[in-house]
Amino acid sequence: MTVGGWQPARVVEAVGTTPSARLLHLQVPGWPGNEAGQHVDIRLTAEDGYQAVRSYSIGSYGPGETIELAVDEIPDGEVSPYLVRDVLPGDELEVKGPLGGYFVWRPGGAEPVQLIAGGSGIVPLMAIVRAATDARAAASVRLLYSVRTAEDAIYRDELERQASNGGVALTWRYTRGAPGGWQGRVGRVDDDVLRAATWEPGREPIVYVCGPTGFVEHVADALVGLGHPPARIRTERFGGA
Ligand SMILES: Cc1cc2nc3c(=O)[nH]c(=O)nc-3n(C[C@H](O)[C@H](O)[C@H](O)COP(=O)(O)OP(=O)(O)OC[C@H]3O[C@@H](n4cnc5c(N)ncnc54)[C@H](O)[C@@H]3O)c2cc1C
């Protein structure tokens, strides 16, 4: 399911989900549906004709003409502050997609699935969690989600609900500050966290890692160091350091 060309998209809902991120629901007439893990390109055009294009993962999956994005504001960024602060229901954007055929999850595989997200890197992994849940495959899915603090976690409530209903096994990693009563340590994802919270290499999981470029490279290197074959690690880099 991949199409070319720019298509108009109408913002039907824009809701704050963390202090710096917003969920956007876009209606895209003729949208062909998308697989879990794909993304779109968004094009904005200013009145003087200046255009800016950025990629955004799709948090939703499957058929239907409405897609869900979650955009985290990068301070001083060109596009994300507009999408997080200014865009309103009824506004029109342009999208191209669905894009990407590598960072996708499809039902039917026998192997365990390890998801590792940093910050807004949760977005395509949320689509995978939703797809795996609907396919009754959530028991084979583990998610390690690294965020600055609990209030920075996009999809926090939905993930907690899923986990407490016996869905994906969820581990939080807080890098700046933990919620009250938290027993674990605070800091970035390291070998100890990976050993404790992920499928071991012997189980031959397929691993999806997504987030800021530095996070993804650090985690992917650490996974290889722990014995995961590089060919079993799929990465999506969102940019930045
Ligand atoms: C395949 C793909 C999917 C993506 N999906 C999402 C998504 O679901 N949600 C989302 O919020 N973003 C996502 N991104 C990132 C997004 O495309 C933009 O890069 C981001 O919104 C910043 O754009 P900007 O115009 O605001 O910043 P820019 O003006 O492009 O950059 C401003 C500064 O911020 C730095 N920067 C850019 N991106 C990041 C980043 N991700 N983290 C830290 N620093 C950064 C730049 O290096 C630069 O110094 C995705 C990127 C890719 C490639």
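The values are calculated or read from the model by the stated rules, or taken from the named source; none is laboratory data. Keep in mind that what you see is a predicted model, and the values were worked out from it rather than measured. Note: ideal-geometry Cβ built from the backbone for every residue, glycine included; neighbour counts use all protein chains shown. Surface accessibility is based on the protein's heavy atoms, side chains included, excluding ligands, DNA and RNA. Shrake-Rupley method; radii C 1.70, N 1.55, O 1.52, S 1.80 Å.
Among the residues of the range 108-127, write down those that are surrounded by fewer than 24 Cβ atoms within 10 Å (Cβ to Cβ), of a type outside the set (A, V, I, L, M, F, W, C) and within 16 Å of ARG142 (Cβ to Cβ).
Keep residues of the range 108-127 that are surrounded by fewer than 24 Cβ atoms within 10 Å (Cβ to Cβ), which gives 108-113.
Within this subset, residues satisfying the condition of being of a type outside the set (A, V, I, L, M, F, W, C) are 108-109, 111-112.
Within the range 108-127, GLY109, GLU111, PRO112 meet the criteria.
Which ranges mark the strands (runs of 3 or more DSSP E) fully within the range 1-65 that have 3 or more residues being within 14 Å of the ligand (Cβ to nearest atom), of a type outside the set (Phe, Trp, Tyr) and open to solvent by 60 Å² or more (accessible area, probe 1.4 Å)?
Qualifying strands (runs of 3 or more DSSP E): 51-57.
Quick check on LEU194: is it in contact with a helix residue (DSSP H, G or I) (Cβ under 7 Å, 6 or more places away or on another chain), at negative phi and open to solvent by 30 Å² or more (accessible area, probe 1.4 Å)?
Spelling it out, it is not the case that LEU194 is in contact with a helix residue (DSSP H, G or I) (Cβ under 7 Å, 6 or more places away or on another chain), at negative phi and open to solvent by 30 Å² or more (accessible area, probe 1.4 Å).
I'm checking my understanding of the structure. Among residues of the range 69-109 that are within 11 Å of the ligand (Cβ to nearest atom) and of a type in the set (Phe, Trp, Tyr), which one is farthest from PHE238 (Cα to Cα)?
Only one residue fits best here, namely TYR82.
May I ask you to list pairs of residues, at least six apart or on different chains, whose Cβ atoms are under 7 Å apart, with the first in the range 61-84 being more than 15 Å from ALA14 (Cα to Cα) and the second being open to solvent by 40 Å² or more (accessible area, probe 1.4 Å) and within 6 Å of the ligand (Cβ to nearest atom)?
Close Cβ pairs satisfying both conditions: VAL79/ARG54.
Would it be correct to say that ALA110 is in contact with a Cys (Cβ under 7 Å, 6 or more places away or on another chain) and either on the phi > 0 side of the Ramachandran plot or not in a helix (DSSP H, G or I) (or both)?
no
Which one of the conditions (1) within 7 Å of the ligand (Cβ to nearest atom); (2) assigned to a strand (DSSP E or B); (3) under 23 Å from ARG173 (Cα atoms) does LEU115 fail to meet, given that it meets all the rest?
With (1) within 7 Å of the ligand (Cβ to nearest atom); (2) assigned to a strand (DSSP E or B); (3) under 23 Å from ARG173 (Cα atoms) applied to LEU115, the lone miss is (1).
With (1) touching a helix residue (DSSP H, G or I) at 6+ places or on another chain (Cβ under 8 Å); (2) in contact (Cβ under 8 Å) with a residue 40 or more places away in the chain; (3) of a type outside the set (Lys, Arg) as the list, and VAL147 as the residue in question, which single condition is left unmet?
So the condition that VAL147 fails would be (2).
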